[in-house]
Structure formats: structure tokens, C-alpha cells
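Before any comments, here is the structure.
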């Protein structure tokens with residue numbers, strides 16, 4: 001987010017490389033508390049941490065901005081899928097929102 005901009009852009013990464021590494025380290029510390037249960041997760045997160053460590057700031061911002069976009073999209077789709085699966089009475093509303101979202105995306109290229 002630019003300092004002069006008052007617009008909030010949720011999928012624009014403004015975290016530094018060190019902040020992302022700190023996050024990875026916290027997750028690894030948590031998972032190492034029970035290494036038998038989380039072994040494959042520890043290996044995968046170590047790989048993520050190493051990729052962050054070796055990436056320049058510009059690449060990190062490009063890659064992680066896309067990851068944030070996908071995360072918001074996946075969370076939305078997950079909620080809709082859960083509602084459909086549980087046959088909740090408000091699930092048709094979510095389906096309509098999803099269709100509207102797709103329509104907006106096709107018109108503007110903006111997913112939200």
C-alpha cells in the first residue's frame with residue numbers, strides 16, 4: 001500500500017522478508033513441539049521458509065500478493081462449499097454471490 005493512498009488493498013503484500021521469515025519460524029517452532037505428528041508439515045514449511053529467504057523483496061511481493069489473492073478466493077469458495085454440503089438455508093445466497101463475483105471478474109478482471 002502506498003503511503004499517500006487511502007485505499008486499502010487487502011491482497012497487496014506490504015510485509016517485509018523478515019516479517020514473513022518470522023512467521024515461518026513461529027509456525028516451525030509450534031510444529032516442532034510435536035514433531036512426529038507434523039513431520040511432513042515441518043519439511044514443507046522449511047522449504048517455504050528457504051524459498052522466502054532466497055527470494056528478493058520484489059519477487060516476494062509479487063508471489064505473496066498472488067498467494068493472498070488466492071487465499072481470499074479459496075476462503076470464499078470454502079465457505080460456499082461448506083454451506084452447500086451442510087444444506088444450510090443461506091447457502092443459495094452464497095451461490096448467488098459467487099455467480100455475481102464471477103460476473104464482476106469477467107467484466108473487470110477484479111475478483112472482489
Legend entry - Largest-first ellipsoid semi-axes for the range 19-77, taking √(5λ) over the Cα gyration tensor eigenvalues, angstrom: 22, 16, 9
Inset, instruction - Please report the relative contact order for the range 15-54, taking Cα pairs under 8 Å with a sequence separation of at least 6, and give it as a percent rounded to a whole number. - result: 51
Legend entry - Length-normalised contact order of the range 12-88 in % [C-alpha pairs under 8 Å, at least 6 apart]: 39
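We did not get these values from a lab; they are worked out from the coordinates using the rules stated. Computed from a predicted model, the values in this text were never measured in an experiment.
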